[in-house]
Amino acid sequence: MTLDEYNDFCGALVATSRVVQWGGSHVWKVGGKVFAVAGWGDADFFAVTFKVTPLSYEILQEQPGLRPAPYLASRGMKWIQHYAAPGQNDGDLKAYIETSHRLVADGLSKKKQKELGLFVG
């Protein structure tokens, strides 16, 4: 996945916004809360950090090219960083980013979800 593909994908998700911060990282938010961060990992590899379910965290943290996200995971948060090859293929990476968007959106108040046109039941 390239940076442009990442930005296009995240921008197509509901109620998202992007800021460039933290040394040039492309940070995507839903309702003002971060759901994905992209920048450069080891050896100029395109790195993406995203929130996952507890089960996905246990599985993904052991896979080559993936690790508990620096800073976030050390504070007990379930975030994974795709930082080196082989990591995830683009399809799987997009699915995890989309899940991260949903997990973060689910944590917003019902009022905020409704204001943003998110999936309120």
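Quick note: the coordinates plus some simple rules give every number you see, no bench work behind them. A quick note: this is a predicted structure, and the numbers were derived from the prediction, not measured. All Cβ positions, glycine included, derive from the backbone under ideal geometry; neighbour counts span all protein chains shown.
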*Helix 3-12 sits at what angle to the longest principal axis of the chain, using alpha carbons and giving 0 to 90 degrees rounded to 10?*
20 degrees
*Taking K and R as +1 and D and E as -1, what net charge do the other residues with C-beta under 15 Å from the C-beta of Q21 add up to?*
+3
*asked:* Taking the 0 to 90 degree range and rounding to the nearest ten, how far is the long axis of helix 90-106 tilted relative to the main principal axis of the chain, both from C-alpha atoms?
replied: 40 degrees
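How high is the FRET efficiency from S74 to D106, r the C-beta distance, R0 35 Å, rounded to 0.05? Show your work: numbers first, answer last.
Working: r = 23 Å, r/R0 = 0.67.
The formula returns an efficiency of 0.90 here.
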*asked:* Which residue fluctuates most in the GNM of the chain (Cα springs below 10 Å): G32, G24, G87?
replied: G24
*Of the residues Q88, Q63, Q21, which exhibits the maximal mean-square fluctuation in a Gaussian network model of the chain defined by a 10 Å Cα contact cut-off?*
Q21
*Computed label-point distance, nm, for sites L55 and D90 using a 7 Å Cα→Cβ extension*: 2.9 nm
*Expressed as a fraction of 2.2 N^0.38 Å, the rule-of-thumb size for a compact globular protein of N residues, what is the C-alpha radius of gyration of the chain?*
1.02
*Quick one: which of 90-96, 78-84, 109-115 comes out on top by average Cβ neighbours within 10 Å, and what's the full order, highest first?*
78-84, 90-96, 109-115
*Where in the range 50-100 are there GluC sites (Glu not before Pro) that are in a DSSP coil and have at most 15 other Cβ atoms within 10 angstrom of their Cβ?*
E62
*Please state the relative contact order of the range 3-111 as a whole percent: Cα pairs under 8 Å, 6+ residues apart?*
24 percent
*Determine the distance separating the Cα centre of the range 81-118 from the Cα centre of the range 1-47; give it in Å without decimals.*
11 Å
*Given the options L108, L55, L13, state which has the largest fluctuation in a GNM of the chain using a 10 Å cut-off (strictly under) for Cα springs.*
L55
*Residues M1, M77, sorted so that the one with the fewest Cβ neighbours within 10 Å comes first*: M77, M1
